[in-house]
Amino acid sequence: MKIASVFSDNMVLQRNRNVRIFGTCTDNEKAITVTLHVFGQDISARAVIKNGSWEAVLPPTKECSSCTLEVSCGAIKKVFNNVAIGEVWLAGGQSNMEFELHNDKNGAKELAECSAENVRYYYTPKCPIESELAEAEKDTGWTLASEKYSQAWSAVGYYFAKELSRILGVTVGVIGCNWGGTSASAWIDRQYLVQDSRLRPYIDEYEAAIKGKSDEEMIAEYDEYCKYQEKWQKNVADCFAEDPCMEWDKVVARCGENRFPGPHGIKNPMRPCGLYETMVKRIAPYTLAGVLWYQGESDDHRPHTYEVLLKALIENWRELWKDCGLPFMIVQLPMFRYDDVPDTKSWAYIREAQENVYLTVRNTGIAYALDCGELNNIHPTDKAPVGHRLYMQAMTEVYGLMSRSMSLPPMYESYEVQGCTMLIKLTNHEKGLGGKNENCLDGFELAGADGVFCPAKAKVALPYIELTCDEVKIPVAARFKWINYADVNLFGVNGLPLPPFRTDKTLN
């Protein structure tokens, strides 16, 4: 009998919910019992055993700072100590969720003080291939907040949990399950990609690339790539140490091509469905309050199908976690581009997809982070605002302790045309708009029947923003900040940026 590696000393179990405890076993292990020793009493559940796996469901229990969990099977007994019962959130996605606390703008200060916070963390082992899972999970376990052990925690996850714990007065546990550079397709079950023709290209591209290759060949190719890429990254770092402003073409000429994400194959963590098998399924269905999701950057090559992909992932995870209402709090991508790369507007479409998911999928929230990006830096170093905005979404959408007027900015609702003026109607505008500087009304555009967008003049007359443009006599469509990167200067009074929008989705 084995207990899943996500269970360890110092773990946090979800309060006020049925709690699933699970693992694997042999055919001759017929009776497994889980007992929670809490509040001076024993709460027990008998496991259901099926196909080499077992699962026990403990009844809801209120919060507790420290108790004991025992799993027994005949003479085998495993005891977990210092177990807390509180709120458990999963921090999923790619590099901006993975971004570690010690690299954060205020990381040194937070690490020096974090031991006082009632926050705990489990880091799902980053394992690209199933044959290495057992070794990867050997030394995993939940850790308490401390200057030593919190360095590699997700900065976004930490800031979210710190604030949530303080307000709710309970222990908050974060399960980090993220990997930089990954498409959402890496985190989803294969059947969800295969059954939808819009998502099938993720699988088709992979299968075409590995056709005729043995497992050994794919592993050897990826190992060779890793050696090359490690040397390449060192050479690139040396280039920028020599000249921080060196143009990218010169860097490539000196160091060679960037081969990321490497050859397709069974060892490449970027492959479709791979991390679903080696990471997600290792921690599910650990009972959660919800999921924090910061991802989308690596799907900008297929931005027009991202809404379908993210909806499929949410459906997939809710099924896997056996929780049809599992909350998802989504970070809308901030402004970003490299100044020597053309602006493709691909991130604008990803942002729209993320907002559409929020507007159409129940039990979701959206943390608007348009102003949290940096030109030339895909990994902004100040993660506290993102964590805070996810916290506000959880307070609104999950805990019901904050109104949407506080947790959401003014947002586009509808439009109407009056002569040469287009009126953009806002919702959630009651507290007004504020400008960061004299350019706060930049970024609006109008187009006529020809579909050509031109910069528009904007005037605020709430609940409307009035748009006019000398080049567009009869406006047909409008858009705002429909671009990968621009300065963000227009905010709601609650400090949240007016999100990008477009009124006509037939125009690109």
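The values are calculated or read from the model by the stated rules, or taken from the named source; none is laboratory data. Keep in mind it's a predicted model, so treat the numbers as computed, not measured. Cβ: placed from backbone, ideal geometry, glycine included. Neighbour counts: every protein chain shown. Keep in mind that these areas ignore ligands, DNA and RNA; they rest on the heavy atoms of the full protein, side chains included. Shrake-Rupley method; radii C 1.70, N 1.55, O 1.52, S 1.80 Å.
Positive-end ranking of N103, N235, G451 along the dipole of the chain, with charges on Cβ about the Cα centre, is headed by N103. Assuming charge only on the beta carbon of Lys and Arg (+1) and of Asp and Glu (-1), the dipole of the chain about its Cα centre is about 1560 debye to the nearest 20.
Annotation note: trypsin sites (Lys or Arg not before Pro) in segment 364-436 located in DSSP loop regions with a Cβ neighbour count of at most 14 within 10 Å are K431, K436.
Think of each Lys and Arg Cβ as +1 and each Asp and Glu Cβ as -1; about the Cα centre, that makes the dipole of segment 319-448 roughly 440 debye. Helices in the chain, meaning DSSP H runs of at least 4 residues, each add -39500 (n - 2.57). Divided by all residues, the mean residue ellipticity at 222 nm is -7500 deg cm²/dmol. Taking Cα centre as origin and charging only the Cβ of basic (Lys, Arg, +1) and acidic (Asp, Glu, -1) residues, the dipole magnitude of segment 457-501 rounds to 60 debye. Bridge orientation summary for segment 55-201: considering DSSP beta bridges with both residues in this region, about 45 percent are antiparallel. Taking every DSSP bridge with both residues inside the chain, close to 70 percent are antiparallel. Ordering P272, V251, S150 by Cα displacement along the dipole of segment 148-294 toward the positive end leaves S150 in first place; charges were set at the Cβ atoms of Lys, Arg (+1) and Asp, Glu (-1).
Normalised per residue, the accessible area of the chain is 44 Å², obtained with a 1.4 Å probe and no contribution from ligands, DNA or RNA. The relative contact order of the chain, computed from alpha carbon pairs under 8 Å that lie at least 6 residues apart in sequence, is 13 percent. Listed peptides 273-286, 60-73 appear in the order 273-286, 60-73 once ranked by packing, highest mean of other Cβ atoms within 10 Å at the front.
How charged is the neighbourhood of R190? Take every other residue with its Cβ under 13 Å from the Cβ of R190, and add Lys/Arg as +1 and Asp/Glu as -1. Neighbour charge sum, excluding R190 itself: -2. If you take all other residues with their beta carbon under 12 Å from the beta carbon of Y228, and give Lys and Arg +1 and Asp and Glu -1, the sum is -1.
Ranking S197, S131, A209 by Cα position along the charge dipole of segment 123-218, where only Lys, Arg, Asp and Glu carry charges on their C-beta atoms, puts S197 farthest toward the positive end.
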